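Following: one structure in structure tokens, then a few remarks.
The values are calculated or read from the model by the stated rules, or taken from the named source; none is laboratory data. Since we're looking at a predicted model, the values are computed, not measured. Neighbour counts are summed over all protein chains in view; Cβ atoms, including those assigned to glycine, are modelled from backbone coordinates with ideal geometry.
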Amino acid sequence: MTGQPLITPDTKVGALLDAYPELESVLVELAPPFRKLRNPVLRRTVARLTSLAQAAKVGGLDVRDLVLSLRRAVGQDVSAPPPDVVDGGALPRTRPEWIAEETVIVRLDADGLLRTDTLPLEAVTRRLRSMQPGTWLELRSSFHPAPLLDALRRQRHQVICIEPEMGAYATYVSPRGPAAE
């Protein structure tokens with residue numbers, strides 16, 4: 001395995017699949033949401049930004065189990081466990097009361113966007129440009145959109161994700177600062 005990178009929770013999914021293409025089928029076996037990695041648009045974009053720690057959340061897997069399974073599949077050392085990853089805990093089940101229904105002015109479906117090869121981050125960012133602070137965009141998805149949440153937080157938008165029922169997520173985003181031109 002010389003020259004091949006050690007698989008860790010911080011390994012990006014895209015880099016992992018570039019180094020070990022055979023792991024795509026292992027990922028899909030471990031969690032059905034990883035089938036989306038077969039979408040070439042997601043593979044070129046989201047997979048490049050998503051760490052295994054984030055992917056584990058999306059797939060509903062323990063990150064240490066995921067990393068050890070992947071290491072085992074390529075013959076890497078599994079005697080030393082991967083470093084712990086801080087988990088934010090369970091998501092709330094209900095939208096916070098301070099996000100009033102009338103302030104949710106845009107609703108998007110992430111699964112529908114992906115079916116049309118549209119990246120949810122691009123669609124959300126585009127819509128946020130025309131929104132005022134204090135208004136909210138709601139993005140529904142069948143997966144925990146960890147990379148999207150991280151990207152929107154890096155852009156300093158206000159972001160809240162809830163899991164109203166198992167396998168269903170609602171992400172609420174309010175734009176930062178004044179509406180863009």
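Does any residue of segment 106-119 turn out to be in contact with a helix residue (DSSP H, G or I) (Cβ under 7 Å, 6 or more places away or on another chain), of a type outside the set (G, A, S) and at positive phi?
Within segment 106-119, one or more residues are in contact with a helix residue (DSSP H, G or I) (Cβ under 7 Å, 6 or more places away or on another chain), of a type outside the set (G, A, S) and at positive phi.
Which residue pairs have Cβ atoms closer than 6 Å, lie 6 or more positions apart in sequence or on different chains, and pair a first residue in segment 5-21 that is part of a helix (DSSP H, G or I) with a second residue that is surrounded by 17 or more Cβ atoms within 10 Å (Cβ to Cβ)?
Correct list of pairs: V13/A47; V13/T50; V13/A55; G14/A47; L17/E24.
If you check every pair at least six apart or on different chains, which have Cβ atoms under 6 Å apart with a residue in segment 93-106 that is under 15 Å from I162 (Cα atoms) and modelled with pLDDT of 95 or more first and a residue that is crowded, with 16+ Cβ neighbours inside 10 Å and not polar (S, T, N, Q) second?
V104/W136; V104/E138
Residue by residue, here is whether (1) closer than 16 Å to G14 by Cα; (2) surrounded by fewer than 21 Cβ atoms within 10 Å (Cβ to Cβ) holds:
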{"residue": "E29", "(1), (2)": "no, yes"}
{"residue": "P32", "(1), (2)": "no, yes"}
{"residue": "P40", "(1), (2)": "yes, yes"}
{"residue": "V67", "(1), (2)": "yes, no"}
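Quick one: would you say R153 is in a loop (DSSP other than H, G, I, E, B) and among the basic types (K, R)?
So R153 fails the test.
Taking E101 and the conditions (1) surrounded by fewer than 17 Cβ atoms within 10 Å (Cβ to Cβ); (2) within 20 Å of A56 (Cα to Cα), which numbered condition does it fall short on, given that it satisfies the others?
(2)
Quick check on segment 163-177. Is at least one of its residues in a helix (DSSP H, G or I), crowded, with 17+ Cβ neighbours inside 10 Å, in contact with a strand residue (DSSP E or B) (Cβ under 8 Å, 6 or more places away or on another chain) and in contact (Cβ under 8 Å) with a residue 24 or more places away in the chain?
Looking through segment 163-177, none of the residues is in a helix (DSSP H, G or I), crowded, with 17+ Cβ neighbours inside 10 Å, in contact with a strand residue (DSSP E or B) (Cβ under 8 Å, 6 or more places away or on another chain) and in contact (Cβ under 8 Å) with a residue 24 or more places away in the chain.
Which is under 17 Å from A146 (Cβ atoms), touching a Ser or Thr at 6+ places or on another chain (Cβ under 9 Å), assigned by TED's automatic domain parsing to the domain that holds L17 and at pLDDT 85 or above, of V58, V67?
After ruling out the rest, the residue left standing is V67.
Condition check: among the hydroxyl-bearing types (S, T, Y) and modelled with pLDDT under 85. Does T50 satisfy that?
No.
For segment 123-139, indicate whether the set of residues that are in a loop (DSSP other than H, G, I, E, B) and without any contact (Cβ under 8 Å) to a residue 24 or more places away in the chain is non-empty.
Scanning segment 123-139, I find no residue that is in a loop (DSSP other than H, G, I, E, B) and without any contact (Cβ under 8 Å) to a residue 24 or more places away in the chain, so the answer is no.
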